[in-house]
Amino acid sequence: MKTIGHFINGTKRVDEGPTQPIYNPSTGEVSKQVVLGDSKTIDEAVIAAKAAFPSWSKTPPAKRARIMFKFKALLEQNADEICQLIGEEHGKIVHDAAGELQRGIENVEYACGAPELLKGEHSRNAGPDIDSWSEFHPLGVVAGITPFNFPAMVPLWMFPMAIVCGNTFILKPSERNPSAAMFIAQLLKEAGLPDGVLNVVNGGKEAVDALLYHPEVEAISFVGSTPIAEYIYTTATAQGKRCQALGGAKNHAIVMPDADLDNVVTSLLGAAFGSSGERCMALSVAVAIGDDIADKMIEALKPAIQELRLGVYSDKENDFGPVITEAHKSKILGHIRSAAEQGANVIIDGSNAAPEGYEKGFFVGPTLIDNVTKDMDSYSAEIFGPVLQIMRVETMEEAIQLINEHEYGNGTCIYTRDGEASRYFVDNIKVGMVGINIPLPVPIASQSFGGWKRSLFGDLFMYGPDGVRFFTRRKTVTQRWPSASLREKKQFSMPT
Ligand code: NAD
């Protein structure tokens with residue numbers, strides 16, 4: 001059986017020591033093992049990254065960007081293999097994996113603009129014959145810790161930007177599906193990245209803690225569940241590190257009485273059930289304003305949901321695949337049961353939905369639950385499965401209050417034909433990414449991605465302009481070249 005090791009200083013290696021099984025979620029079988037790195041492994045990666053930093057940080061941004069251009073081409077040439085690895089270990093259908101990879105590649109394209117992104121800010125004549133400018137310096141050795149649900153895209157949110165900014169990087173991918181990240185790291189080496197600039201250490205909590213407490217690691221970028229994000233943020237910042245930690249979500253769509261119902265139904269299907277609902281931007285709650293639109297929406301959703309195809313990643317005809325583990329499947333089924341016990345109406349129950357031939361896979365079918373209320377446990381939790389909950393309220397104000405009171409504030413959407421209502425919604429909603437008739441308002445690479453409330457700990461969003469700020473440190477220089485006529489006189493008051 002294949003064992004996935006680490007990628008340190010440009011070399012792949014498999015160390016002795018503890019391992020963890022990697023499952024093929026479609027079949028339920030163990031397909032590989034992954035080595036679990038420890039503080040010694042992290043030490044070695046930090047030594048390699050630190051040694052690579054002086055030369056890499058002095059490499060002109062244009063030259064760093066040229067490696068990214070080659071990297072982008074290699075990602076495109078190897079897309080099928082990357083999608084195959086994602087499918088085997090995550091279970092998402094190849095067309096969805098291709099979409100994930102493309103969104104990752106767009107971050108590489110943005111990073112190709114390094115000379116423009118890093119050119120700084122300049123003020124001529126800030127004072128008499130004084131010029132002032134800001135430079136953006138790399139931080140040093142920085143690290144990224146990523147979740148299972150986007151094994152290629154989330155690492156690509158982080159390291160291309162960190163690296164073009166002149167940092168050296170240690171990635172700790174999800175131990176459940178590390179192969180895509182390992183493959184991608186090898187491609188970056190092929191593109192010409194010097195050894196030690198990008199390192200991948202596999203593992204779990206022990207490796208993460210070693211990064212959090214390592215004195216030479218300057219910054220941590222994290223994406224995962226909220227309890228872990230909070231732990232990462234509080235621990236990293238207590239160690240004096242810069243940290244951004246993106247957490248979980250519960251994304252609501254408000255469905256106004258005037259919404260285009262056909263658009264609502266088709267777009268909700270993909271947004272709620274795509275990737276088995278294992279997306280931090282999955283739309284898991286539809287809040288209908290009034291019973292009339294709620295009833296019509298449910299009647300239209302029912303036959304459309306029955307037609308969805310659940311199955312193995314390699315069949316392009318399938319709409320979505322299994323969830324990540326047996327334990328996660330049990331958790332999702334527990335939420336469906338608890339919704340029913342607490343008085344919700346489970347209209348379509350996907351608890352027993354394994355496709356033929358894949359009975360041991362971790363499949364959960366599309367599930368539709370009506371009459372969900374805010375006191376229910378399944379409402380407060382991030383279910384992270386193919387479950388769409390319907391809530392009924394009387395007014396848009398009530399819906400906004402519901403969303404604003406929820407622990408999470410990642411994404412949201414309003415379906416309406418009313419411009420005034422949508423503007424009011426944008427102004428008053430406490431959520432980081434907002435869609436108007438767009439169910440998954442994931443920002444493009446030249447914007448930045450992040451949530452509010454307990455969906456993000458830290459000050460800066462991920463990638464885009466915030467990514468440049470996160471991975472650089474500002475230095476502001478003020479200069480004058482005094483000739484005899486400009487020499488300063490004694491001055492004890494603040495110059496104005
Ligand atoms: P997770 O929190 O279990 O794991 C994320 C990372 O943290 C992994 O690399 C894991 O090894 C590490 N980790 C796990 N437990 C740890 C511990 N006790 N101490 C230290 N490190 C630990 O998340 P997951 O299940 O892999 O991913 C799903 C979650 O990620 C969902 O909650 C989803 O909403 C969230 N997510 C958020 C975003 C976003 O942008 N906000 C994007 C993708 C996923």
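Values in this text are rule-based calculations from the coordinates and carry no lab data. On a predicted model such as this, the values are computed, not experimentally measured, just so you know. When we count neighbours, we look across all protein chains shown, and the Cβ atoms used for this are built from the backbone with ideal geometry, even at glycine.
Numbers for the structure displayed
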| read-out | value |
| --- | --- |
| Efficiency of FRET from Cβ geometry, VAL14 and LYS360, R₀ 25 Å, rounded to 0.05 | 0.35 |
| 11 Å beta-carbon shell around HIS90, net charge (K/R +1, D/E -1) | -3 |
| Stretch gain in nm, segment THR59-MET1, where the contour uses 0.36 nm per residue and the Cα spacing is subtracted | 16.8 nm |
| For LYS490, LYS331, LYS374, LYS58, order by how many other beta-carbon atoms lie within 10 Å, fewest first | LYS490, LYS58, LYS374, LYS331 |
| Potential extension, ASN428-ARG474 segment - 0.36 nm per residue separation minus Cα distance | 13.3 nm |
| Distance in nm between pseudo-label sites at LYS374 and GLU397 (7 Å out along the Cβ direction from Cα) | 1.4 |
| Violating pairs (Cα-Cα greater than 22 angstrom) within the set LYS119/LYS475; LYS119/LYS489; LYS40/LYS63; LYS250/LYS374; LYS2/LYS316 | LYS119/LYS489; LYS40/LYS63; LYS2/LYS316 |
| Spin-label zone in region 304-334 - amide nitrogen under 18 Å from a point set 7 Å from the Cα of SER31 along the C-beta vector | 310-329 |
| For the chain, calculated [θ]222 nm from helices alone, where every DSSP H run of n ≥ 4 adds -39500 (n - 2.57) | -12000 deg cm²/dmol |
| Degrees, to the nearest 10: 94-111 long Cα axis against longest axis of the chain | 20 |
| Region 205-258: radius of gyration and largest Cα-Cα distance (Dmax), Å | 15.6, 56 |
| Cα-centre dipole for the chain with unit charges at Cβ (Lys and Arg positive, Asp and Glu negative), debye to 20 | 2560 |
| Rounded to whole Hz, the Karplus (6.51, -1.76, 1.60) HN-Hα couplings of region 152-163, x for glycine and proline | 9, 5, 5, x, 6, 5, 9, 6, x, 5, 4, 6 |
| Residue order, fewest to most beta carbons within 10 Å, for ILE232, ILE82 | ILE82, ILE232 |
| LEU261/GLN239 FRET efficiency (R0 60 Å; Cβ-Cβ; nearest 0.05) | 0.70 |
| Point-to-point label distance, PHE69-GLN306, nm (Cα→Cβ direction, 7 Å offset) | 5.6 |
| Inter-part distance where region 397-453 and region 8-70 are each reduced to a Cα centre, Å | 36 |
| Radius of gyration and maximum dimension Dmax of the chain, Cα, Å | 24.5, 89 |
| For CYS83, CYS112, order by how many other beta-carbon atoms lie within 10 Å, fewest first | CYS112, CYS83 |
| Computed over the chain: relative contact order in percent, which uses C-alpha pairs under 8 Å that are six or more apart | 18 |
| Gained length - TRP481 relative to MET494, 0.36 nm times residue gap less alpha-carbon distance | 2.7 nm |
| Modelled FRET efficiency - R0 22 Å, SER330 with GLU230, Cβ distances, 0.05 increments | 0.35 |
| Between helix 39-58 and the chain: long-axis angle, C-alpha atoms, 0 to 90°, nearest 10 | 50 |
